[in-house]
Amino acid sequence: VLKTTLLMAIGVTLACLVAGFPPALFLARTTSRFKAILILAVILPLFVGNAVRAAGWMVAFGQKGVFNYLLELVVPAWAPLTIMYTPGAVFVGIIAVNLPFVVLTLQSVLEGIDRSAEEAALSLGATPYAAWRLVTLPLAIPGVLAAAVLCFILTMNAYATPVLLGGPRFQMMAPVVANEVLNQNNWPFGAALSFMLMIVTLLLTVIANVVVARRYSH
């Protein structure tokens, strides 16, 4: 169970960083008068509970859901595709929960980066990608680590999404802890699992803080 949860947390964290960096950079760089509305659009999903969002994905991923309906229009031979109660469904569901947190964390850090260094690199002949890779990304590393740690911790402790989208066959730490304590009345084992979850979370936080402190202490 711990291995499954760790792999899911690593995969979700990487996916959220890759998917979240472009919109975060756009929000940090844009001067549009609609910037506040765009940020509000990122924040709005956070007002909906995880269980409600998972229920929405259950409708979308069902045998007659939106996804299979679109798949039948595009590739009829593949439809219907079984998505519910698979690791893929849990993966997508947790990404949808965590992505706003990652975007907002990265956006706040990117806004604090002085654009003059990036503009200087561009004026010296660097391509936009090279300027981003050599200037913007290194300066944004503390924010990237903060977003990664936050996303990893949220995934490690995910409960509603794995239960509703993964079903009884896909087990992650938080649902197993709840089952051992509430249903099996096995408090010692549930406490042991909770302790393992807490240790992994604390270790990751400490490691990230040490890395940032050592690299940016000067």
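Some notes on this structure:
- Each label point was placed 7 Å from the Cα along the Cα-to-Cβ direction; for residue 214 and residue 19 their separation is 3.2 nm.
- Estimated 222 nm signal from helices in the chain, with DSSP H stretches of n ≥ 4 weighted -39500 (n - 2.57), rounded to 500: -22000 deg cm²/dmol
- Given the alternatives [x] 1.00; [y] 1.04; [z] 0.94, Rg/Rh (Cα atoms, Kirkwood Rh) as computed for this entry is given by [y].
- Integer Hz, Karplus 6.51/-1.76/1.60 couplings in order for segment 136-144, x for Gly and Pro: 5, 4, x, 6, 8, 4, x, x, 5
- Calculated on the alpha-carbon coordinates, the convex hull of segment 19-86 measures out at 133 cubic angstrom per residue.
- Shown in residue order for segment 116-130 are the 3J(HN,Hα) couplings computed by the Karplus curve 6.51 cos²θ - 1.76 cosθ + 1.60 at θ = phi - 60°: 4, 5, 5, 5, 5, 5, 5, 5, 8, x, 6, 6, x, 5, 5 Hz (x for Gly and Pro).
- 3J(HN,Hα) couplings calculated from phi for segment 33-39 with the Karplus curve 6.51 cos²θ - 1.76 cosθ + 1.60 (θ = phi - 60°) are, in sequence order, 6, 8, 4, 4, 5, 5, 5 Hz; Gly and Pro show x.
- Relative contact order [Cα under 8 Å, 6+ residues apart], the chain, whole percent: 28 percent
- The separation of segment 33-81 from segment 111-150, counted between C-alpha centres, amounts to 32 Å.
- Within segment 148-218, trypsin sites (Lys or Arg not before Pro) in DSSP loop having at most 13 other beta-carbon neighbours inside 10 Å: 169
Values in this text are rule-based calculations from the coordinates and carry no lab data. Here the structure is a predicted model, which means the values were calculated and not measured. Counting neighbours? That spans all protein chains shown, and the Cβs are built from the backbone with ideal geometry, glycine included.
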